[in-house]
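Some notes on the structure that comes next.
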Amino acid sequence: QLQQAQLAAVMGPDLAAFETLISHLMSSANEQRSQAESIFNLIRQNDPNVLALKLSQLLSSSVHVEARAMAAVLLRKQLTRDESFIWSQLSESTQTVVKNTLLSALQSEESKPTMRKLCDTISELASSLIPDGLWPEILPFMFSCVTSNSAKLQESAFLIFSQLAQVVGETLMPYISDLHHVFLNVLNNSSHSDVKIAALSAVINFIQSLSSLNDRDRFQDLLPSMMRTLTEALNAGQEATAQDALELLIELAGTEPRFLRRQIEDIVASMLQIAEAESLEEGTRHMAVEFVITLAEARERAPGMMRKVPQFVSRIFAILMRMLLDLEDDPAWHTAEIKDEDAGETGNYSVGLECLDRLAIALGGNTIVPVASEELPAYLSALEWQKHHAALIALAQIAEGCSKVMIKNLEQVVTMVLNSFRHPHPRVRWAAINAIGQLSTDLGPDLQVQYHQHVLLALTAAMDDFQNPRVQAHAASAVLNFSENCTPEILAPYLDHIVQKLLFLLQNPKQMVQEGALTALASVADSSQEEFQKYYDVVMPYLKTILVNATDKSNRMLRAKAMECISLVGMAVGKNKFKEDAKQVMDVLMSLQGSQMETDDPTISYMLQAWARLCKCLGQDFLPYMNVVMPPLLQSAQLKPDFTITSADSDGEIDESDD
């Protein structure tokens with residue numbers, strides 16, 4: 001009865017009650033909000049016409065900006081083609097009121113965030129109606145806004161246009177020369193940066209919507225004006241505007257690289273200049289780098305385009321190398337209490353890391369290796385440890401893209417890295433180990449066949465670096481990379497030495513070192529197969545001890561890795577050797593399976609994989625365990641993928657919307 005009374009009041013002639021309901025939808029008090037939500041949903045189900053009219057009324061007449069903004073957002077949700085879509089249930093007169101109110105509210109709205117929300121709502125509705133010709137007034141309205149003297153209306157029209165380009169692009173073909181004129185005029189003559197950015201967005205979206213290259217090329221002559229939007233913003237110190245422009249240009253480089261081909265030299269030169277300008281914000285420089293890398297990656301659709309740009313590769317390579325120098329010697333790296341591999345790494349460093357990898361994959365070894373050969377020796381011979389570190393990191397990053405060319409110079413590459421194992425700074429030694437690990441993956445199995453002796457001796461020696469547990473752990477991890485691309489025959493002569501070192505590391509007090517050793521042992525067992533039999537009696541007791549004793553929450557990963565290692569060792573040595581220990585191991589796993597584990601416990605996924613290996617190893621002897629293993633396995637198979645869908649409002653409320 002209370003709900004009925006509230007419903008009657010909200011649906012009555014007085015708008016205040018409805019406005020209160022809308023304000024309660026934004027309440028931080030859960031109970032108040034959920035009550036408001038249920039009343040709102042009731043109105044939508046019982047009388048969508050009243051709901052649409054009330055929201056329209058609120059949009060046009062409320063004095064509270066929050067209420068108008070919320071009305072725009074809610075209206076958009078009701079007009080989105082999903083389960084809450086109410087348009088088709090509205091009477092013709094209500095539909096007319098909604099369309100007219102949206103356009104008049106846009107003209108009178110003073111608040112910029114609300115105006116942007118209105119643009120989103122109009123775009124949402126128009127995208128449903130324009131294809132069937134059900135909103136004939138919208139395009140003339142947009143043209144009148146674009147040519148008006150009001151910067152706010154110009155910006156609004158371009159924002160709507162950007163969102164509608166994919167829907168209306170082809171419909172506008174008859175007006176293509178008018179559009180060209182409008183775009184050119186605003187980009188060249190508007191004094192408002194927001195209007196220019198909105199126009200830039202509209203142009204780029206429109207170009208992407210045109211299916212024929214000839215039609216797209218009719219807008220080629222806008223490129224200098226489009227680029228000027230960026231340079232003028234930078235010259236005026238408006239970096240936020242410049243970043244908006246860069247984001248749009250990156251999108252264009254990714255989707256329509258050929259559109260840029262005639263101006264490519266000037267555009268890339270401008271971007272490299274921005275990337276090199278130390279006076280600019282880091283974010284701006286990173287975006288300029290992103291633009292250049294995106295263009296390099298687009299070479300399938302625009303082959304040969306980037307090769308025309310003089311000095312392009314050497315300049316971008318030099319920029320990325322300088323970024324790798326931005327590394328702080330963080331004490332957390334040396335204490336190695338936490339897993340954090342990124343201790344001391346900066347935003348610059350991360351961008352340099354990622355972009356070197358992408359650049360090498362995009363352009364290949366014939367282009368990158370000559371430049372790297374010129375650039376890296378000076379870094380390797382420098383006194384500062386950061387430079388030596390950067391050279392080794394760069395080598396690891398370009399290996400995947402340059403593997404064919406680097407394999408031809410294998411001796412030079414391997415010698416360069418192995419010499420760095422003796423560097424006085426532990427972070428450089430870590431980077432050398434890191435490079436050997438990466439090269440083992442990218443240049444294998446050639447590297448393993450030719451340099452097994454040098455590499456394995458260097459890695460086992462690095463495991464003795466007790467002053468630097470992170471170096472020890474990384475040396476163990478690199479043994480894993482090396483052995484994954486390796487035959488049992490190559491590994492056999494070194495097994496005594498490697499297994500002895502790894503068992504020693506298993507007793508290290510640092511968890512990171514123990515985990516590295518476990519993973520390496522598992523990999524060595526997997527790669528050496530029957531050769532591992534003779535180490536079984538020494539190794540298995542250690543592994544079982546960890547499995548049984550690593551019960552603290554802080555040791556969960558250690559226990560999980562022990563499971564992985566035991567199951568791989570069992571598979572390597574075979575059923576006869578493993579049978580006795582298998583029962584003990586299974587009992588531990590069964591008791592774990594029955595215990596309550598937290599949802600983020602890595603044990604769960606490692607355990608499922610361990611069961612699978614144990615089953616493979618034991619065959620029919622695994623049958624008694626089936627009734628324990630199968631229920632959680634089926635349960636895991638039925639898990640819903642864990643993802644959420646968020647609506648990023650035009651205010652950029654969700655900065656991470658790319659994710």
Solvent-accessible area, 1.4 Å probe, carbon plus sulfur percent, for segment 463-598: 50 percent
Segment 148-299 - percent of accessible surface contributed by carbon and sulfur, probe 1.4 Å: 44 percent
Rounded FRET efficiency, nearest 0.05, which uses the C-beta distance separating Val167 from Asn46 and R0 of 45 Å: 0.90
Set of segment 454-497 residues, backbone N closer than 11 Å to the point 7 Å along the Cα-Cβ line of Gln529: 487-489
Radius 15 Å from Cβ of Tyr379, net charge of other residues (Lys, Arg +1; Asp, Glu -1): -1
Surface accessible to a 1.4 Å probe, Ser279 within the full protein complex, Å²: 110 Å²
Segment 268-412: mean projected area of Cα convex hull, nm²: 9.8 nm²
Ranked order, Met70, Met607 - accessible area, probe 1.4 Å, largest first: Met70, Met607
Charge context of Ala8, other residues only, Cβ under 15 angstrom, K/R +1, D/E -1: -1
For segment 1-134, the spread of Cα positions along each principal axis, largest first, Å: 44, 31, 26
Cα-based shape type of segment 224-311, given that a ≥ b ≥ c are square roots of the gyration tensor eigenvalues and the cut on a/c is 1.5: prolate
Hull-based mean projected area of segment 138-246, where the convex hull spans the alpha carbons, in square nanometres: 6.3 nm²
Whole-Å distance, taken between Cα centres, linking segment 148-171 and segment 200-234: 14 Å
Gain on full stretching of the segment that runs from Ser554 to Asn188 - 0.36 nm per residue minus C-alpha separation: 125.7 nm
³J(HN,Hα) computed for each position of segment 480-489 - Karplus, 6.51 cos²θ - 1.76 cosθ + 1.60, integer Hz, glycine/proline x: 4, 4, 5, 6, 5, 10, 10, 8, x, 5
Cα-Cα separations in segment 426-474 greater than 12 Å, expressed as whole percent: 62 percent
Residue-averaged [θ]222 nm for the chain, counting only DSSP H segments that reach four residues, each worth -39500 (n - 2.57): -23500 deg cm²/dmol
Anisotropy class of segment 82-145 from Cα gyration tensor, a/c 1.5 cut: prolate
Peptides ranked, highest mean first, by Cβ atoms within 10 Å: ranges 208-217, 540-549: 540-549, 208-217
Rounded percent of accessible protein surface that carbon and sulfur make up, segment 1-134, 1.4 Å probe: 50 percent
From phi via Karplus (6.51, -1.76, 1.60), per-residue ³J(HN,Hα) for segment 184-196 in Hz, x at Gly/Pro: 4, 4, 5, 4, 8, 10, 5, 9, 9, 5, 4, 5, 5
Whole-Hz couplings from phi, Karplus 6.51/-1.76/1.60, listed for segment 281-288; x for Gly and Pro: 4, 4, x, 5, 5, 4, 5, 5
P(r), alpha carbons of segment 522-617 - 10 Å bins starting at zero, rounded %: 16, 54, 26, 4
Local net charge near Leu395, Cβ-Cβ under 12 Å (Lys/Arg +1, Asp/Glu -1): -4
Rounded if a/c under 1.5, otherwise prolate or oblate - the chain, Cα gyration tensor axes: oblate
Solvent accessible area, Å² - Arg322, 1.4 Å probe, full protein context: 110 Å²
Average accessible surface area per residue within the chain, 1.4 Å rolling probe, Å²: 46 Å²
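The values are calculated or read from the model by the stated rules, or taken from the named source; none is laboratory data. This is a predicted model, so every value here is computed, not measured. Please note: Cβ atoms are built from the backbone with ideal geometry, for glycine as well, and neighbour counts cover all protein chains shown. The protein model used for the area step is the full one, side chains on, heavy atoms only, and it has no ligands, DNA or RNA in it. Shrake-Rupley method; radii C 1.70, N 1.55, O 1.52, S 1.80 Å.
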